[in-house]
Amino acid sequence: MKGFKNFLMRGSVVEVAVALVVALAFAAVITAFTKTIISPLLAAMGPSDSIGLGWQIKSGNPNTFIDVGGLITAIITFIVFMAVIYFVIVVPYKAVQARRGITAFGDPAPAKTCPACLSDDLPVGASKCKYCGTDQPASLA
C-alpha cells in the first residue's frame, strides 16, 4: 500500500491528472461554443423557432438561434469547475508536498539566454551553454 501511495503522490501523476481535468473542462467549453454558436450558423438553412439569451438568425427556425446564454453558462461552469479543482486538489497537494520539502506548482527555476544560440533554458549559474558550448558571462540573467 505504501508503494501505491508513493506512486500517487509523485508530482508527475498529480500534474497529469490535473491537466486531464483541465482539458476535459475546457472541452466542455469548446463543445458548448460549437453547439451554441457554430451549429446555429450552419443550421440557418432550415425551418423552426426558439427563445433565450441570444439572437435568432432566421425567424421560424430554432436551430438558427445563437444561444449566448448557453455559452455564458458553459464559461461559468468552467470557472467554477476549475476553482473547485484548485481548492480541492491543488491546494491540499501543494501543502502535502511542502511538508515533504518539495515545491509543487511553483514558479519555474530562473534561467538565462545564451547570446550565441539563443537557448533560453540555461540555469542562472551555468558557465557554458549546454547546446553550443559557448562560455557564459556571469552577468547574464
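When the criteria are applied in full, Val14 fails the requirement of being under 25 Å from the mean Cα position of the chain (by Cα), part of a helix (DSSP H, G or I) and at pLDDT 80 or above.
Looking only at residues in the range 88-141 that are of a type in the set (D, E, K, R) and within 30 Å of Val14 (Cβ to Cβ), the one that is modelled with the highest pLDDT is Arg99.
Residues in the range 57-93 that are small (Gly, Ala, Ser) and either in contact with a Ser or Thr (Cβ under 6 Å, 6 or more places away or on another chain) or loosely packed, with under 14 Cβ neighbours inside 10 Å (or both): Ser59, Gly60, Gly69, Gly70, Ala83.
Selection over the range 96-118 of residues that are assigned to a loop (DSSP other than H, G, I, E, B) and in contact with a helix residue (DSSP H, G or I) (Cβ under 8 Å, 6 or more places away or on another chain) gives a count of 4.
Within the range 95-138, the residues that satisfy the criterion of being outside the structural domain of Val16 (by TED's automatic domain parsing) and of a type in the set (Lys, Arg) are Lys112, Lys128, Lys130.
The values are calculated or read from the model by the stated rules, or taken from the named source; none is laboratory data. Only a predicted model underlies this, so the values are computations on that prediction, with no experimental measurement involved. When we count neighbours, we look across all protein chains shown, and the Cβ atoms used for this are built from the backbone with ideal geometry, even at glycine.
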